[in-house]
Amino acid sequence: MDDIRFKEILKDCGLSAKGIGELNGLLLESRIELLNSVINFSRGDVDNLAKIKSCMENSANEISDAFYNRIAGIEELKEKLSADANLLEQLKLTNADYLKSLFELNYDENYFKNTIAIGLAHNILGVSPSIYIVLYGYYANLVSSFVLKCSQKTGLSLIDTLKNVNSIQKKLTIDTTFAIESYYKKSMDDNYKTEQQTLGMLMSIAEYKDMDTGNHIARVSNYSRIIAKNIGLDGLHQERIFYSSPMHDIGKVGIPDNIILKQGKLTEPEYEIMKMHCNIGYDILKNSNSPILKDGSIIAASHHENFDGSGYPFGLKGEKIPIEGRICKVADVFDALVSKRCYKPAMPVESAIEIMNREMQSKEIFDPDCFNAFFKGLDEIMEVKKGIDKNSPSAPADSSMLQ
Ligand SMILES: [Fe+2]
Ligand SMILES: [Fe+2]
């Protein structure tokens with residue numbers, strides 16, 4: 001009886017299939033397994049708590065009031081809680097509602113929703129993880145003291161009283177896991193949004209300075225993901241390349257305008273300065289903690305390296321060139337060839353492919369695996385190109401792309 005999985009117990013105690021689905025969406029299977037093996041909340045625990053059910057039900061408001069009145073005095077929370085008079089009352093009510101479900105052994109949708117709401121409230125209030133742990137300890141002690149009181153009132157033996165304290169602490173640990181997971185997910189979402197905004201701003205800078213259009217950036221980004229998929233990189237890696245490849249030329253912000261915006265072919269000294277955009281891009285992005293920006297720094301540094309070692313800035317060869325750079329190179333060169341430039345019309349796809357093939361025969365500038373993956377995805381690449389160009393027609397760009 002005691003080895004029943006806690007999800008089954010929640011189902012027995014009112015959580016519908018929809019609620020179980022939400023729980024599965026919140027917690028990884030491995031976390032659920034961990035709770036089962038370490039906490040082992042069982043049907044026996046539900047039976048223990050049932051013995052003090054009626055006494056505990058009446059304590060929900062009292063516990064909730066005691067908890068929030070105490071934490072309202074904590075320095076870090078005082079300002080936020082006093083700024084909105086309704087907030088504290090709302091928190092008390094949500095918590096009392098949660099406690100009622102907990103003590104009634106009614107673990108239905110409302111119970112689950114309140115558990116998540118408590119986690120989110122901590123996030124919105126800006127409660128740091130360390131304070132969260134302290135508050136959890138205080139909360140668990142407070143609830144346990146009421147369990148002790150109710151067990152005594154109900155006339156339970158010392159052993160049964162201790163069993164009840166143990167059972168309620170197991171249940172609170174499970175519920176706090178739900179709450180902390182929702183708190184953590186909210187933080188991740190917020191960080192992701194901030195990262196997306198940062199990326200958007202970086203892209204604006206790159207487009208502002210460079211004559212390449214946003215379309216070029218969008219196409220290279222999409223083509224790179226298709227190539228990454230076709231060489232067998234995992235989904236997460238494909239996504240990172242999709243988001244980081246648009247930064248390949250961000251270093252051009254550090255190249256003088258008379259070179260970046262020059263209409264004709266660059267002189268040798270100008271070309272040497274232009275080559276520096278790889279190192280500049282790397283320097284701009286290298287210190288970020290964001291995996292996407294870090295990949296962006298790698299791509300910025302390596303997208304002009306050639307597989308045979310004849311590229312720049314470092315003359316890296318073969319697999320010494322990061323895979324992200326080898327992928328972006330194929331996408332970038334192809335798009336440069338088939339795009340209209342101020343000094344040339346857009347080249348037909350067949351001609352571009354002929355040039356790329358010819359180039360590969362004379363010197364191996366592309367990683368052969370990436371090159372083959374590009375051909376394998378050519379139909380999909382052309383579909384993507386059509387979609388992007390239809391939404392916003394391409395404008396002229398500078399000649400540096402081919403250099
Ligand atoms: Fe470049
Ligand atoms: Fe480019």
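Observations on the model:
- Failed criterion for Ile180 (all others in (1) hydrophobic (A, V, I, L, M, F, W, C); (2) more than 16 Å from ligand 1 (Cβ to nearest atom); (3) modelled with pLDDT under 75 hold): (3)
- Residue within segment 256-264 that is modelled with pLDDT under 90, more than 15 Å from ligand 2 (Cβ to nearest atom) and aliphatic (A, V, I, L, M) present: yes
- Segment 288-325 - residue that is basic (Lys, Arg) and assigned to a helix (DSSP H, G or I) and, of those, farthest from the chain's Cα centre (by Cα): Lys320
- With respect to the conditions (1) of a type in the set (Val, Ile, Thr); (2) surrounded by fewer than 18 Cβ atoms within 10 Å (Cβ to Cβ); (3) over 22 Å from Tyr271 (Cβ atoms), Ile355 falls short on a single one, namely (3).
- Flag if Lys329 is loosely packed, with under 15 Cβ neighbours inside 10 Å, closer than 23 Å to Phe374 by Cα and among the basic types (Lys, Arg): no
- Qualifying residue in segment 213-227 (condition: touching a residue at least 24 places away in the same chain (Cβ under 8 Å), outside any helix (DSSP H, G or I), of a type outside the set (Lys, Arg) and within 16 Å of ligand 2 (Cβ to nearest atom)): yes
- Filter result for Ala346 (within 25 Å of Asp234 (Cβ to Cβ), assigned by TED's automatic domain parsing to the domain that holds Gly281 and within 16 Å of ligand 2 (Cβ to nearest atom)): no
- Condition check for Phe314: away from ligand 1 (no atom under 13 Å from the Cβ), closer than 27 Å to Phe371 by Cβ, touching a residue at least 60 places away in the same chain (Cβ under 8 Å) and in the same structural domain as Ile365 (by TED's automatic domain parsing): no
- Criterion (assigned by TED's automatic domain parsing to the domain that holds Leu34, surrounded by fewer than 21 Cβ atoms within 10 Å (Cβ to Cβ), touching a helix residue (DSSP H, G or I) at 6+ places or on another chain (Cβ under 8 Å) and farther than 26 Å from Leu34 by Cβ) met by exactly one of Lys163, Lys185, Lys153: Lys153
- Residues of segment 312-326 satisfying the condition of being over 15 Å from Asp249 (Cβ atoms) and either in contact with a helix residue (DSSP H, G or I) (Cβ under 6 Å, 6 or more places away or on another chain) or within 16 Å of ligand 2 (Cβ to nearest atom) (or both): Ile321, Pro322, Arg326
- Residues located in segment 100-143, provided they are of a type in the set (A, V, I, L, M), assigned to a loop (DSSP other than H, G, I, E, B) and either within 23 Å of Glu8 (Cα to Cα) or more than 28 Å from the chain's Cα centre (by Cα) (or both): Leu105
- The residues in segment 273-311 that are within 14 Å of ligand 1 (Cβ to nearest atom) and acidic (Asp, Glu) can be counted, and the count is 1.
- Selection within segment 228-246: residues that are in contact (Cβ under 8 Å) with a residue 24 or more places away in the chain and under 19 Å from the mean Cα position of the chain (by Cα). The member of this set that is farthest from ligand 1 (Cβ to nearest atom) is Leu233.
- Candidate set: segment 103-122, residues that are more than 18 Å from Tyr183 (Cα to Cα) and in contact (Cβ under 8 Å) with a residue 60 or more places away in the chain; chosen: the one surrounded by the most Cβ atoms within 10 Å (Cβ to Cβ): Tyr107
- Residue in segment 352-375 that is in the same structural domain as Lys229 (by TED's automatic domain parsing), in contact (Cβ under 8 Å) with a residue 60 or more places away in the chain, of a type outside the set (Phe, Trp, Tyr) and in contact with a Ser or Thr (Cβ under 9 Å, 6 or more places away or on another chain) present: no
- Candidate set: segment 59-89, residues that are surrounded by fewer than 11 Cβ atoms within 10 Å (Cβ to Cβ) and of a type in the set (Gly, Ala, Ser); chosen: the one nearest to Phe146 (Cα to Cα): Gly73
- Matching residues, segment 223-247, being out of contact with any helix residue (DSSP H, G or I) (no Cβ under 6 Å at 6 or more places or on another chain), of a type in the set (Gly, Ala, Ser) and modelled with pLDDT of 90 or more: Gly232
- Any chance Phe374 is of a type in the set (A, V, I, L, M, F, W, C) and in a helix (DSSP H, G or I): yes
- Restricting Asn61, Asn24, Asn48, Asn36 to residues that are farther than 15 Å from Asn106 by Cβ, at pLDDT below 85 and in the same structural domain as Lys153 (by TED's automatic domain parsing) narrows the list to Asn24.
The values are calculated or read from the model by the stated rules, or taken from the named source; none is laboratory data. Everything quoted here is computed from the prediction, not taken from an experiment. FYI the Cβ positions are ideal-geometry reconstructions off the backbone, even for glycines, and counts take in every protein chain you see.
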